[in-house]
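Before any comments, here is the structure.
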Amino acid sequence: MKKAKKIVDTIYKIPGKATIAELYKEIQDKQLFVEPLSENQTLEAFILEGGTGFNSLLYGSLGERIYEIRASYDNKLFTYGLPFSTLYATGYPLQRMVEGSQSNNLLAKFSNIKYITLPLKEKDDVTLFWKKSSWRSFTPPPFSTNAFYLNSTGAKLFGLAGEGFCVVLPKTRAESIEGWKAQEDNLWENRFFIDRISNEQTTMKFFTQKSTIEEIHTKVMQISKIAIFFVLFTKKGMLVVVSGTDDELNTLHDAINELPFTHKL
């Protein structure tokens, strides 16, 4: 069954239940402006989570790109928006809701997304740079479209070795960067690496707007057996993914509740 309907040019109507893997199998030369970390996540789940993911350093949230949406709010089905104009342009506050998270009281009533209409972009042609490094303060190089930290376990799933920082730049800007090593062209295809985390591990995501890298690292490292520690830098804060046993993550959840402007997704 076709998952996406082309409206015109690069604008598509996509079912909320479609996963990224299904969408990209059907439309191979284009992609979302902002992608979830998992290709098995549905668009509905991604939007309700807040729409922050890969390319959020450049584009913010997926909510900023939505033209039209049909969904339920407070158990009432509605359609809002225009097929050729973003919700921002209409002046409607819905974009504020879809940029939030389940901690947002407005979004808590928002569910059952039938479809969204939004533009897709040409598939990224980028180069990934890797720098082995322990956890420390970090500023992405100019023109970076993505920047993130991986511990050694996450790096292995990504196809890298050791722990360190990754930055992604368009090939047109991908000149050599002192201290960084350019990777093979196809390595960026491994970006949905959290889909390869062992089923024996539970994952947890949280977003922080105000906490510093050092604060996050201190809290996470209190849980000694964390398998994955991944931090994605965005326009509005940091998206953190960790994995471990249920007991470990419950303890971590209690710890991050102490951090300002930080919430579990």
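Numbers for the structure displayed
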| quantity | calculated |
| --- | --- |
| Meets criteria (surrounded by fewer than 18 Cβ atoms within 10 Å (Cβ to Cβ), out of contact with any Cys (no Cβ under 8 Å at 6 or more places or on another chain), hydrophobic (A, V, I, L, M, F, W, C) and under 22 Å from GLN201 (Cα atoms)) for ALA255 | yes |
| Subset of region 1-25 (residues that are surrounded by 15 or more Cβ atoms within 10 Å (Cβ to Cβ) and more than 30 Å from SER243 (Cβ to Cβ)) | ALA4, ILE7, ILE11, TYR12, LYS13 |
| Hits in region 180-204 (condition: of a type in the set (D, E, K, R), closer than 26 Å to LYS264 by Cβ and either touching a Gly at 6+ places or on another chain (Cβ under 9 Å) or modelled with pLDDT of 85 or more (or both)) | ARG191, ASP195, ARG196 |
| Matching option when the condition is within 30 Å of ASN151 (Cα to Cα), in contact with a strand residue (DSSP E or B) (Cβ under 7 Å, 6 or more places away or on another chain), at pLDDT 75 or above and among the aliphatic types (A, V, I, L, M), among LEU43, LEU82, LEU62 | LEU43 |
| Search result, residues across region 1-37 that are touching a Phe, Trp or Tyr at 6+ places or on another chain (Cβ under 6 Å) and among the aromatic types (Phe, Trp, Tyr) | PHE33 |
| Those strands (runs of 3 or more DSSP E) lying entirely in region 214-265 with at least 1 residues touching a Pro at 6+ places or on another chain (Cβ under 7 Å) and outside the structural domain of GLU64 (by TED's automatic domain parsing) | 229-233 |
| Segments classed as helices (runs of 4 or more DSSP H), wholly inside region 86-179, with at least 2 members that are at pLDDT 90 or above | 152-158 |
| Qualifying residues in region 180-204 (those that are touching a residue at least 24 places away in the same chain (Cβ under 8 Å) and part of a loop (DSSP other than H, G, I, E, B)) - the one surrounded by the fewest Cβ atoms within 10 Å (Cβ to Cβ) | SER198 |
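The values are calculated or read from the model by the stated rules, or taken from the named source; none is laboratory data. Just so it is clear, the model here is predicted, and its values are computed rather than measured. As a convention, Cβ positions derive from the backbone with ideal geometry for all residues, glycine included, and neighbour counts pool all protein chains shown.
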